[in-house]
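This report concerns only the one structure given below.
The values are calculated or read from the model by the stated rules, or taken from the named source; none is laboratory data. Source: prediction; values computed, not measured. Backbone-built Cβ (ideal geometry, glycine too); neighbour counts: all protein chains shown. What goes into the accessible areas is simple: the full protein's heavy atoms, side chains included, and nothing from ligands, DNA or RNA. Shrake-Rupley method; radii C 1.70, N 1.55, O 1.52, S 1.80 Å.
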Amino acid sequence: MDTTEDTLALYQLQARYGHVMDDRDWEGLNAVFTDDAVVDFQPFGLPRMEGLEAIVRDFKWIRHPYGHHVTNILVDVDGDTARMRSKILAVLDDGTSITGQYLDEARRTSDGWRLTYRLGKPFPRRPKKESD
């Protein structure tokens with residue numbers, strides 16, 4: 001059963017990711033991911049990154065959205081591990097946006113909750129109807 005304290009800490013972790021990304025604070029990623037974390041953004045056409053060092057290195061060259069918004073966060077805590085599912089809305093530099101979801105796994109560490117795995121999946125764009 002989730003505790004309110006764990007749920008709030010995991011919500012904070014999701015928010016921290018958005019702020020770190022939007023600030024381009026690559027060193028701040030150590031407050032988001034474990035050293036052995038895996039980030040899989042292959043569905044977005046980006047590489048799978050294994051380990052914090054690779055995540056920081058690759059995030060420095062990837063063209064990131066300017067605004068990361070995480071919503072509708074579902075949390076399932078089981079002891080010192082957690083699974084999360086959330087929706088993302090990212091605003092690009094040209095004002096367009098992309099939407100999708102994050103499927104995350106997290107672990108409680110001595111420094112608080114950290115992501116151990118993140119899968120990012122875009123939602124497909126729907127074709128416009130004649131009536132739109």
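Could you work out the relative contact order of the range 1-72, using alpha carbon pairs under 8 angstrom and six or more residues apart, expressed as a whole percent? Walk me through the numbers before you get to the answer.
Working: 59 pairs, mean separation 22.2, N = 72.
Rounded, it is 31 percent for the range 1-72.
Could you sort ARG118, ARG85 by their accessible area in this structure, using a 1.4 Å probe and putting the largest first?
Values: ARG118 0, ARG85 120 Å².
From most exposed to least exposed: ARG85, ARG118.
Count neighbours as other Cβ atoms within 10 Å of each site's Cβ, and list the GluC sites (Glu not before Pro) in the range 1-77 that are DSSP loop with at most 10 such neighbours.
Nothing satisfies the criteria.
Given a 1.4 Å probe, how much area per residue of the chain is accessible, in Å²?
Working: 8090 Å² over 132 residues.
I get 61 Å² per residue for this part.
Taking θ = phi - 60°, what integer Hz values does the Karplus form 6.51 cos²θ - 1.76 cosθ + 1.60 yield along the range 10-19, in sequence order, with x for Gly and Pro?
Per residue, the Karplus-derived 3J(HN,Hα) values read 6, 4, 4, 4, 4, 5, 4, 4, x, 5 Hz.
In the range 17-94, which chymotrypsin sites (Phe, Trp or Tyr not before Pro) fall in coil by DSSP and have 11 or fewer other Cβ atoms within 10 Å? Don't jump to the answer; show the numbers that get you there.
Working: sites: TYR17, TRP26, PHE33, PHE41, PHE44, PHE59, TRP61, TYR66; in loops: PHE41, TRP61, TYR66.
Answer in residue order: TRP61.
Can you work out D for the range 9-132 in µm² s⁻¹ from Stokes-Einstein, where Rh is the Kirkwood radius over C-alpha pairs, the temperature is 20 °C and the viscosity is 1.002 mPa s?
Details: Rh = 15.0 Å.
For the chosen part, D equals 143 µm²/s.
I'd like the distance between the alpha-carbon centres of the range 51-84 and the range 100-114, rounded to an integer number of Å.
For the range 51-84 versus the range 100-114, the Cα centre distance is 8 Å.
Taking the alpha carbon gyration tensor of the range 40-87, what are the square roots of 5 times its eigenvalues, largest first, to the nearest whole Å? Mind dumping the intermediate values first?
Working: eigenvalues 112, 51, 20 Å².
Taking √(5λ) for each Cα gyration eigenvalue gives 24, 16, 10 Å.
Whole-Hz Karplus ³J(HN,Hα) for the range 20-37, in order, using 6.51 cos²θ - 1.76 cosθ + 1.60 and θ = phi - 60°, x for Gly and Pro?
So the Karplus estimates, Gly and Pro as x, are 4, 5, 5, 7, 6, 8, 4, 5, x, 5, 5, 8, 10, 10, 6, 4, 9, 5 Hz.
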